[in-house]
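Novice: A single structure is presented below for examination.
The values are calculated or read from the model by the stated rules, or taken from the named source; none is laboratory data. None of the values given here were measured: they were computed from a predicted structure. Positions of Cβ are backbone-derived with ideal geometry, glycine not excepted, and every protein chain shown enters the neighbour counts. SASA here: full protein model, heavy atoms, side chains in, ligands and nucleic acids out. Shrake-Rupley method; radii C 1.70, N 1.55, O 1.52, S 1.80 Å.
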Amino acid sequence: QVQLVESGGGLVQPGGSLRLSCAASGNIFKIYDMRWYRQAPEKQRELVATITSDGRTAYLDSVKARFTISRDNAKNTTALQMNSLKPEDTAVYYCNYVLAGAEFWGQGTQVTVSS
């Protein structure tokens, strides 16, 4: 089994920054995609950012140029740097790892953008 733990969420004012991190433990051979999702109250979960095993990235249009996803393959970690945060970024953020034949989720971390 693989366990994912997110950290770094919290309350921030509009225009501020937060950095989310995700650490993995367990039986890991190779991680293909690392992803960040978010789910706001009464909304469906949406894919925010993806980074492939060879470093290619993709972003939700509304976060492009504000969020940056990164990964450390040696440590099996991923991070999401979030700048210029807006109230509409408020959500629970989840990391997701795609391995061969399975994917795993963290428990989520709350991000609240409010003045």
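Novice: PHE67's amide H: which non-local residues (gap 5+, or another chain) put their own amide H closer than 5 Å, with H modeled 1.01 Å from N in plane and none for Pro or chain starts?
Specialist: ASN83
Novice: Compute, for segment 28-72, the length of the dipole vector about the Cα centre, with Cβ point charges of +1 (Lys, Arg) and -1 (Asp, Glu) only. Units Debye, rounded to 20.
Specialist: 40
Novice: Take a quick pass over the chain and tell me how many lysine pairs come in under 24 angstrom between Cα atoms, counting only ones 8 or more apart or on separate chains.
Specialist: 4
Novice: Hey, what do the phi angles of segment 10-15 turn into as Karplus ³J(HN,Hα) couplings, whole Hz, using 6.51/-1.76/1.60 and θ = phi - 60°, x for Gly and Pro?
Specialist: Listing the rounded values in order: x, 9, 9, 6, x, x Hz.
Novice: Please report the net charge: other residues with Cβ closer than 14 Å to the Cβ of TYR37, K and R +1, D and E -1. Before the final figure, lay out each step's value.
Specialist: On the way: positive: ARG35, ARG38, LYS43, ARG45; negative: GLU6, ASP33, GLU46, ASP89, GLU103.
Summing Lys and Arg as +1 and Asp and Glu as -1 gives -1.
Novice: At 1.4 Å probe size, with every protein chain present, just tell me what the per residue accessible area of the chain comes to in Å².
Specialist: Result: 54 Å² per residue.
Novice: How would you rank 54-67, 91-104, highest first, on the average number of other Cβ atoms within 10 Å across their residues?
Specialist: Order by mean packing, descending: 91-104, 54-67.
Novice: For segment 67-115, what is the convex hull volume of its Cα atoms per residue in Å³?
Specialist: Considering the Cα atoms of segment 67-115, their hull volume per residue is 91 Å³.
Novice: TRP105: accessible area at probe 1.4 Å, nearest 10 Å²?
Specialist: That residue has around 100 Å² of solvent-accessible surface.
Novice: How large, in percent, is the carbon and sulfur part of the accessible surface of segment 19-84 at a probe radius of 1.4 Å?
Specialist: Carbon with sulfur: 46 percent of the solvent-accessible area.
Novice: At what distance in angstrom do the alpha carbon centres of segment 69-115 and segment 13-51 lie from each other?
Specialist: Centre-to-centre (Cα) distance: 2 Å.
Novice: Starting from the amide H of GLY108, placed 1.01 Å from N in the peptide plane, find each other amide H under 5 Å away whose residue is 5 or more places distant or on another chain.
Specialist: The answer is GLU6, CYS95.
Novice: Which order, highest average first, do 68-78, 25-35 follow once you tally other Cβ atoms within 10 Å for each residue and take the mean per peptide?
Specialist: Ranked from most to least packed, the peptides come out as 68-78, 25-35.
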